[in-house]
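Please read the structure below before turning to the comments.
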Ligand SMILES: [Zn+2]
């Protein structure tokens, strides 16, 4: 009871880690079925599992839609500031805590975007399938990260198990030709009349002007792409936000497929009921459904992979595999992000990640629970002494005379 009063955060975290296991979800799901894929696995590097608490938090921050990210930052920074002000201590100390808490949280958010770190990789057991990304950018896009080269893009994908990726910079066609460390395929992204169209194939530069007059003109783009031997996919979130009532017209005009998961902050807001509608439409009309990292050079992890089979076409040609937290978070109201995102993170932990969390919490708890002697240096020495004290206590038999 005394321990609970003195260390409520540590004990609360242990309860959360254990309780969330009751509603554990798989680390990876086939988006069409909602079930874990039988022929692919998410492999976490040893360092990822070792530092699971920080890695999981950085991933969870990466997989927030824009509105949820804003809500999460707003609530957590305010809560940490209030917590700092209400703590015991001198006014100066309370003020320092009230500033450092929110600053640490913001640093965590920046780390999610910038920090190099180990990342999980998708491994498919069937070698005839290609792990592929259909939508990614380099510095040649106006909103791409400065200095983000084709090689950076290829390395980013290779680290996460991709075997190939289309390069779809805005308005700047990529002709392909890169084979190492992964195959980079030709593509471009065109923005016409509130719709982004991901073009797969080697096309000549296309003037979007004539297609930008209205929805009808925009839909004419698909015919032009087919004339050039390319295919066009409707990108998220635009068709959902701007053309939700036009989807049948998209199909009639020859759209080749739809993105159903997009890892960009705006794309992550796409909710499950809308995805179900698009899956039904694409299934009935034998159209592709794909997942898109839509990576612009920021962030280390993708929320989605595709398993593409060369022998099939249409709906059956591609399977979309995603991190369930990224898909599920779009179903929650933005204002709930400060608590629903951590909960979704905990429910999607593997048992090895749970063990890592518990170990780290206990190590920190023991470090903090043992009172320091005057003159003790901080750091690992205290931890060693704490552990040896605990071991001595454990070794002492019940009822045995205590040491003089
Ligand atoms: Zn894009």
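The values are calculated or read from the model by the stated rules, or taken from the named source; none is laboratory data. Note that the structure is predicted; figures quoted are calculated from it, not measured. Here the Cβ positions follow ideal geometry from the backbone for every residue, glycine too, while neighbour counts run over all protein chains shown.
Things worth noting here:
- Of all the residues in segment 162-185, those that are more than 25 Å from the chain's Cα centre (by Cα) and either surrounded by 15 or more Cβ atoms within 10 Å (Cβ to Cβ) or at pLDDT 95 or above (or both) number 6.
- Flag if residue 159 is under 26 Å from residue 46 (Cα atoms), within 15 Å of the chain's Cα centre (by Cα) and modelled with pLDDT of 95 or more: yes
- Considering residues of segment 220-238 that are within 15 Å of the ligand (Cβ to nearest atom) and in contact with a helix residue (DSSP H, G or I) (Cβ under 7 Å, 6 or more places away or on another chain) only, the residue farthest from residue 262 (Cα to Cα): 232
- Filtered residues of segment 292-308 (kept if within 17 Å of residue 41 (Cβ to Cβ) and either within 16 Å of the ligand (Cβ to nearest atom) or under 12 Å from the mean Cα position of the chain (by Cα) (or both)): 301, 302, 303, 304, 305, 306
- Given (1) over 25 Å from the mean Cα position of the chain (by Cα); (2) surrounded by 13 or more Cβ atoms within 10 Å (Cβ to Cβ), index of the condition residue 239 fails: (1)
- Residue match in segment 71-79 (condition: surrounded by 12 or more Cβ atoms within 10 Å (Cβ to Cβ), touching a helix residue (DSSP H, G or I) at 6+ places or on another chain (Cβ under 8 Å) and farther than 28 Å from residue 332 by Cα): no
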